[in-house]
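What follows is a short report on a single structure.
Read-outs: derived from the displayed coordinates by stated rules, not from any lab. Computed from a predicted model, the values in this text were never measured in an experiment. Don't worry about glycine lacking a Cβ; one is built from the backbone with ideal geometry, like all the others, and counts go over all protein chains shown.
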Amino acid sequence: MPSHQSYPKYPHHHDKVKSKNTEQKNTLKQLLDPHDAALLLIDNQSGLFQLVNDLTVTELRRNVVALAKMAKLVDMPTITTASTPEGQNGPLIPEIFSILPDSTYISRKDINAWDNPIFVDAVKKTGKNTLIIAGTLSSVCLAFPAISALAEGYKVYVVMDASGSESKMSFDTSLARLIQAGAIPMSTFAMISEVQKTWNRPDADQFIEIYAEILPEYKLLIESYEKARAVGKKESE
């Protein structure tokens, strides 16, 4: 009779895929850790803002500014970059520099910020494993570096309403591509809330100010609350 030879057992391809998907799902179940996060503001430039059609320029600008204020409030490492700011894309909106004068700024020629070694080195120097990214336009300036960072093992949150798209189709296809690659899409309001975590903190009022700027309805809510509180206090005296 022929002898039976035993062979080493290698995992099947579908087992590898299943293991990878399980790891990714476990990561996605975790909420953001603000202490392990860096903010990347990519190509939020005056020229590129004019190509955005899924948001008004006012809304887009307000949301980008809100992220900058959030980063300053919690002392989150921030890297800003612009693609050919001296050319057709225009400079970064000035609020970013005024709010975050000490942030790392990189001017570059590369379309994908992640193709720029200086930019990537700056990201690595933050020592953070989680990246919060807003980039104009979402189909290129957001998607390209986000996907590149994911490929290198970073956990990536993409702030869609602080990025902007040239059309609804562009937004939809960019969002689908980012999710497929493993990025976590967020709104500006939700992103700031996830960083804040709790109202039991000394800077809670400053978070309220940011929310009121990006969501005027929230400002009305606060005004109503303060008025009711004042009336109640007066009646109890």
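Brief remarks on what is shown
- Percentage relative contact order, the range 33-197, counting C-alpha pairs under 8 Å, at least six apart: 29
- The chain: DSSP helices with Cα axial extent of at least 15 Å and average Kyte-Doolittle hydropathy no lower than 0.0: 57-74, 168-181, 204-214
- Separation of the range 60-80 from the range 164-223 is 11 Å, based on Cα centroids.
- Calculated mean residue ellipticity at 222 nm for the chain: -15000 deg cm²/dmol, from DSSP H runs with n ≥ 4 weighted as -39500 (n - 2.57), summed, divided by the residue count and rounded to 500.
- Among 99, 133, 79: highest mean-square fluctuation, GNM of the chain, C-alpha pairs under 10 Å: 99
- Extension gain, residue 222 to residue 57: 0.36 nm times the residue separation minus the Cα-Cα distance gives 56.8 nm.
- A simple charge model with +1 on the Cβ of Lys and Arg, -1 on the Cβ of Asp and Glu and nothing else charged puts the dipole of the range 42-200 at about 300 debye relative to its Cα centre.
- Over the chain, the hull volume per residue, using the convex hull of the C-alpha atoms, is 191 Å³.
- Shape call, the range 198-237: gyration tensor on alpha carbons, a/c limit 1.5: oblate
- Considering only 198, 130, 56, the Gaussian network model of the chain with Cα springs below 10 Å gives its largest mean-square fluctuation to 198.
- FRET efficiency for residue 36 and residue 231, using Cβ-Cβ distance with R0 set to 45 Å, rounded to 0.05: 0.55
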